[in-house]
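Just below is one structure, and these are the notes that go with it.
Each reported figure results from applying straightforward, stated rules to the coordinates on display, with no laboratory input. For clarity, every value in this text was computed on a predicted model and none was experimentally measured. Here Cβ is always computed from backbone atoms with ideal geometry, including for glycine, and neighbour counts include all displayed protein chains.
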Amino acid sequence: MQVGANEEDTRIASTRLARAINLVGEPALSLPCGTDSAGLPIGMQLIGAPFTEPKLLQVAKALESALKS
């Protein structure tokens with residue numbers, strides 16, 4: 001996979017921003033939040049404190065509803 005001027009392994013590039021969160025076991029999720037000027041998707045990652053999965057899901061649901069409006 002070509003990333004800028006660098007060649008990267010696809011698996012490593014696709015998990016770069018999630019590895020630390022997975023390692024420590026914090027609840028996290030990502031959701032789409034729009035597109036850039038070229039029409040490419042933009043995502044948002046939400047990370048919660050330990051054992052706050054229900055609250056994290058509520059926040060994501062509210063953001064998703066607000067972004068659809």
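Summarising the amide proton neighbourhood of M44: residues at separation of 5 or more, or on other chains, whose placed amide H is nearer than 5 Å comprise L31, C33.
With only alpha-carbon pairs counted, each pair once and no self-pairs, how large is the Kirkwood hydrodynamic radius of the chain in angstroms?
Value: 14.0 Å, from the Cα pair sum.
Once both labels are positioned 7 Å from their Cα atoms along Cα-to-Cβ, the gap between L31 and D9 label points is 3.3 nm.
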